[in-house]
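*Asks:* I have a structure I would like to understand better, so I am pasting it below and will then ask my questions one at a time.
The values are calculated or read from the model by the stated rules, or taken from the named source; none is laboratory data. All values derive from a computational prediction rather than experimental measurement. Using ideal geometry, Cβ is built from the backbone for each residue, glycine included, and neighbour counts are taken over all protein chains shown. Each accessible area value is taken on the protein alone, full model and side chains, heavy atoms only, with ligands, DNA and RNA left out. Shrake-Rupley method; radii C 1.70, N 1.55, O 1.52, S 1.80 Å.
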Amino acid sequence: MNAHSQNQSPQTAVTAVMAKPLVLWGYPLLEVLRTCQVQSNPEATPAFGRGPFGMFHGSDRPWTHEDRDIVTPSCDLLYYNAWIWIGASPVRLHIPPNHGRYYVVQLMDAWSENFHNVGLRNTPAEGADWWLIHTEDPMPAGIDPARVVRCPTRLVWLLGRALVEDLSDEPKARAFADGVQLQGSGPRPSCVSQWRDSGHAADDFFANLLQAVDEIGVPSNASDLRPLMRSLRLPPGGLDALERSSQRVREGLRHAYSEGIHLIEQHIVNLTRKPWTWSPHLGIWGDNILMRATVAMKGLGALAATETLYAQADFDADSEPLHGQHGYTLRFEGGHMPPADAFWSVSLYGEDRYFAANPMGRYAIGDRTKGLRLGQDNSLTLQIQHERPAEGDANWLPAPSGPFYLILRMYQPREEMLNGRYTLPPVQRVKER
């Protein structure tokens, strides 16, 4: 026991220990609600993906280092974004005709679970209507059950992605995205409309959690820590609920928040120091509250691994952190490119978890990048460094001058990737001469 904890009252110390799991548990929910508040705020400045609740709002171009609503975005796609509330009647999701363009509309519940995807695999080329209903609601009459999606929470985040081949393809991609439409949403929930952001992180966290958790509910397959909240005598309800707790309890909650966030931050870094880390369980969290919180902090909105597999590199082949003061190569042997049926790309992010500004405006390299140079054996060697390579920029992925990490995305990954038969090559540091 340290001197600080010795000076705490017993009630403060017990509250700090007991409430720490609530931080891990509640963090994904509040990150989702915070994102909803930002993107559906009627008073906010219009931006990519922002607009009235219950409607899709798309980006006009792929995201760059200037776009910061969602951490670790992709620049291969146009995003189109919507938030809905499912009331007594179903919400209709309309998919327009599509002839071969990769797209997916990801459906996430309020706790960040990717419970369903709509895309090329389950929607005909001529388009279709899907009907979204809450798990507790009866099946509506006159609707094809094969086109019904049961939603674990009434608040649903729909995050659409449409592949953009190149600059000339953007208008066609936007036209498709504009055709994806919604009808029948209810209003924003009060926990979003009355979102508290006073600048006091711990107090705001627990006030928003108390406001949200009963209104949003907890899916049956996820951990439900509301009994723990009741055992701490945290009063549910409005934004003044926290103020009705004692000063000692509030102090304990602040300690719990600090320690809980620190724990999540520790796990967003690859603690094994392996060259690549990835999980076949991404997007489907169940009761794994730590993994759910970790991904909510570093990659909120991750697709399930069966749709997109995200492999992350924080370290090179020698287990040293990636840093722009060094140069690196990533080599794929001929015939051993990342196994993906749709497409793949390697994106680079700064330590703030967003794209890093660079003179080329290039944030990723993949199988559709124009002008890539292959070796005589059909191998592909990517050059990852801060300075422009002497050989030119064909295979250059620009890095910042400081720390960075890589995300290799494989859209519709093949079975050999999901079952571990394919091994990703490590990032190799270029040895200084």
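*Asks:* Pick out the one residue from Tyr422, Tyr405 that is open to solvent by less than 40 Å² (accessible area, probe 1.4 Å) and under 16 Å from Gln325 (Cβ atoms).
*Replies:* Details: Tyr422 fails: under 16 Å from Gln325 (Cβ atoms).
One residue alone meets the criteria, Tyr405.
Every residue, every condition in (1) under 30 Å from Gly26 (Cβ atoms); (2) at pLDDT 95 or above; (3) part of a loop (DSSP other than H, G, I, E, B), yes or no:
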| residue | (1), (2), (3) |
| --- | --- |
| Pro140 | no, no, yes |
| Ala162 | no, yes, no |
| Ser168 | no, no, no |
| Phe176 | no, yes, no |
| Pro187 | yes, yes, yes |
| Phe205 | yes, yes, no |
| Val213 | yes, no, no |
| Ala222 | yes, no, yes |
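*Asks:* Glu243 - would you say it is open to solvent by 20 Å² or more (accessible area, probe 1.4 Å), farther than 29 Å from Pro10 by Cβ and not in a loop (DSSP other than H, G, I, E, B)? So that I can check it myself, show each step before the final result.
*Replies:* On the way: open to solvent by 20 Å² or more (accessible area, probe 1.4 Å): yes; farther than 29 Å from Pro10 by Cβ: no; not in a loop (DSSP other than H, G, I, E, B): yes.
Taking the combined requirement at face value, the residue does not satisfy it.
*Asks:* If I ask for residues that are at pLDDT 95 or above, touching a helix residue (DSSP H, G or I) at 6+ places or on another chain (Cβ under 8 Å) and either open to solvent by 10 Å² or more (accessible area, probe 1.4 Å) or not in a loop (DSSP other than H, G, I, E, B) (or both), which ones from segment 323-357 would you list?
*Replies:* Answer for segment 323-357, where residues must be at pLDDT 95 or above, touching a helix residue (DSSP H, G or I) at 6+ places or on another chain (Cβ under 8 Å) and either open to solvent by 10 Å² or more (accessible area, probe 1.4 Å) or not in a loop (DSSP other than H, G, I, E, B) (or both): just Ala340.
*Asks:* Another one. Cβ-Cβ distance below 6 Å, separation of 6 or more or different chains: which pairs start in segment 10-37 with a residue that is touching a residue at least 24 places away in the same chain (Cβ under 8 Å) and end on one that is of a type in the set (Asp, Glu) and open to solvent by 40 Å² or more (accessible area, probe 1.4 Å)?
*Replies:* Thr12/Glu251; Lys20/Glu259
*Asks:* Now a separate question. I'm trying to understand the selection: among the residues of segment 279-290, which are open to solvent by less than 80 Å² (accessible area, probe 1.4 Å) and in contact (Cβ under 8 Å) with a residue 24 or more places away in the chain? Steps first, please.
*Replies:* Let us first name the residues in segment 279-290 that are open to solvent by less than 80 Å² (accessible area, probe 1.4 Å), namely 279-280, 282-283, 285-286, 288-290.
Residues satisfying the conditions are Ser279, Pro280, Leu282, Gly283, Trp285, Gly286, Ile289, Leu290.
*Asks:* For residues in segment 99-122 being aromatic (Phe, Trp, Tyr) and part of a loop (DSSP other than H, G, I, E, B), which is nearest to Gly160 (Cα to Cα)? If you could, list the steps in order and put the result at the bottom.
*Replies:* The initial filter retains those residues of segment 99-122 that are aromatic (Phe, Trp, Tyr), namely 102-103, 111, 115.
Filter once more, so that each one left must be part of a loop (DSSP other than H, G, I, E, B): 102, 111.
Details: Tyr102: 11, Trp111: 18 Å.
The qualifying residue nearest to Gly160 (Cα to Cα) is Tyr102.
*Asks:* Just to be sure before I move on: is Arg414 basic (Lys, Arg), touching a residue at least 40 places away in the same chain (Cβ under 8 Å) and under 24 Å from His323 (Cα atoms) in the structure I sent? It would help to see each step written out before you state the result.
*Replies:* Details: basic (Lys, Arg): yes; touching a residue at least 40 places away in the same chain (Cβ under 8 Å): yes; under 24 Å from His323 (Cα atoms): no.
Here the answer is no, as Arg414 does not meet what is asked.
*Asks:* Filter segment 19-50 down to the residues that are over 19 Å from the mean Cα position of the chain (by Cα), surrounded by fewer than 23 Cβ atoms within 10 Å (Cβ to Cβ) and either at pLDDT 90 or above or outside any loop (DSSP other than H, G, I, E, B) (or both) and list them by number. Step through it out loud before you land on a result.
*Replies:* Step one: list which residues in segment 19-50 are over 19 Å from the mean Cα position of the chain (by Cα), which gives 19-22, 41-46.
From what's left, surrounded by fewer than 23 Cβ atoms within 10 Å (Cβ to Cβ): 20-21, 41-46.
Once the filter is applied, which keeps residues that are over 19 Å from the mean Cα position of the chain (by Cα), surrounded by fewer than 23 Cβ atoms within 10 Å (Cβ to Cβ) and either at pLDDT 90 or above or outside any loop (DSSP other than H, G, I, E, B) (or both), segment 19-50 yields Lys20, Pro21.
*Asks:* Looking for whichever is on the phi < 0 side of the Ramachandran plot, among the basic types (Lys, Arg), open to solvent by 30 Å² or more (accessible area, probe 1.4 Å) and free of Cβ contacts under 8 Å to residues at least 40 places away in the same chain here; the options are Arg230, Arg254. Which one fits? Step through it out loud before you land on a result.
*Replies:* Working: Arg254 fails: free of Cβ contacts under 8 Å to residues at least 40 places away in the same chain.
When all the criteria are applied, what remains is Arg230.
*Asks:* Further question: Under 7 Å between Cβ atoms, which residue pairs at least 6 apart in sequence (or on different chains) link something in segment 391-411 that is in contact (Cβ under 8 Å) with a residue 12 or more places away in the chain with a partner that is among the acidic types (Asp, Glu)?
*Replies:* If the second residue must be among the acidic types (Asp, Glu), the pairs left are Gly402/Glu351; Pro403/Glu351; Phe404/Glu351; Tyr405/Asp314.
*Asks:* Here's a follow-up. Are any residues in segment 54-82 open to solvent by 10 Å² or more (accessible area, probe 1.4 Å), in contact with a Ser or Thr (Cβ under 6 Å, 6 or more places away or on another chain) and either hydrophobic (A, V, I, L, M, F, W, C) or assigned to a strand (DSSP E or B) (or both), and if so, which ones?
*Replies:* Tyr79 - this is the single residue of segment 54-82 that is open to solvent by 10 Å² or more (accessible area, probe 1.4 Å), in contact with a Ser or Thr (Cβ under 6 Å, 6 or more places away or on another chain) and either hydrophobic (A, V, I, L, M, F, W, C) or assigned to a strand (DSSP E or B) (or both).
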